[in-house]
Amino acid sequence: MARQARALATRQAVLLAAAEVFDERGYAAATMSEILDRAGVTKGALYFHFHSKEELALAVIEGQGAWVATWTPSSDSPVQTLIDLGYAFAHALQDDPLLRGSIRLTIEHGSFTQPQIAAYQGWMDLVRDLLQNARDAGELRPGIDLVAASGVITGAVTGIQLSSQVLAGRRDLIRRMADLWTLLLPGLVQPQVLARLNPDEQT
């Protein structure tokens, strides 16, 4: 058990170091030697867990799914859950280097041997499922195309987080998220539902 715990700790140290380096330098400029130095582990330990830079990068990208799995909604409303998820994601981008590295790698999907679209598709599927729940609960306006809406929402969140990163180091990301929901919600939900929603961050 102690050996397994050490192996898990080593793997996590490598993933965190890799995410930090990928976030700072991008996939192409990052080197395994830099990741090795940042992780503070032996070369053998690193290559025991990850045989190549691409394999390591793909493991970092998978951290998005792990992050979503740990997030717990606090609202019974599917639309409010979607709003709250956006704010939780924004805070994680500000505070969690593993998620930041994962997102940068997702944006640079064309750098890999096979372009990586699973992370994008995973977010769109998650949003579509929440929108389907919202439709079933009577929260959505009639005629909303769930596939189109999920693509617009995920694309908009991707765009505002990237703009916030470039222009303000993501310091204004929470405000941008509030602007996004304020603009999107009237066209998405029933008027009587809109009055019950909080498009601002829950405190």
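The values are calculated or read from the model by the stated rules, or taken from the named source; none is laboratory data. This one's a predicted model, so the numbers in the text were calculated from it and none came from an experiment. All Cβ positions, even for glycine, are placed from backbone atoms using ideal geometry, and neighbour counts span all protein chains on display. To get the accessible areas, we keep the full protein, side chains included, count just its heavy atoms, and leave off ligands, DNA and RNA. Shrake-Rupley method; radii C 1.70, N 1.55, O 1.52, S 1.80 Å.
What to note about this one:
- Carbon + sulfur, % of accessible area of the chain - ligands and nucleic acids excluded, 1.4 Å: 56
- Note on the chain: with a GNM built from Cα contacts shorter than 10 Å, the maximum mean-square fluctuation among VAL152, VAL193, VAL166 falls on VAL166.
- Computed from point charges on the beta carbon alone (+1 for Lys and Arg, -1 for Asp and Glu), the dipole magnitude for segment 1-100 about its Cα centre is near 500 Debye.
- Along its first, second and third principal axes, ordered by size, segment 106-203 spans 47, 30, 21 Å in Cα coordinates.
- Mean ellipticity per residue at 222 nm, deg cm²/dmol - from DSSP H runs of n ≥ 4 across the chain, formula -39500 (n - 2.57): -24000 deg cm²/dmol
- Viscosity 0.890 mPa s, temperature 25 °C, Stokes-Einstein D of the chain from Kirkwood C-alpha radius, µm²/s: 134
- Here r is the Cβ-Cβ distance between ASP200 and ALA2 and R0 is 41 Å; the resulting FRET efficiency, rounded to 0.05, is 0.30.
- Under-5 Å amide H pairs with LEU140, H placed in peptide plane, nonlocal only: ARG135, GLN190
- Nearest-0.05 FRET efficiency for GLU24 and SER52, computed from C-beta distance (R0 25 Å): 0.80
- Pairwise FRET efficiency - ASP76 versus PHE112, Cβ, R0 = 45 Å, nearest 0.05: 0.70
- For segment 1-43, there are no residues whose amide N sits under 19 Å from a probe point set 7 Å from the Cα of HIS91 along the beta carbon direction.
- Heavy-atom accessible surface of segment 2-116, averaged per residue, reaches 48 Å², computed with a 1.4 Å probe.
- Summary of the geometry: segment 93-135 and segment 16-85, compared by the centres of their Cα atoms, lie 12 Å apart.
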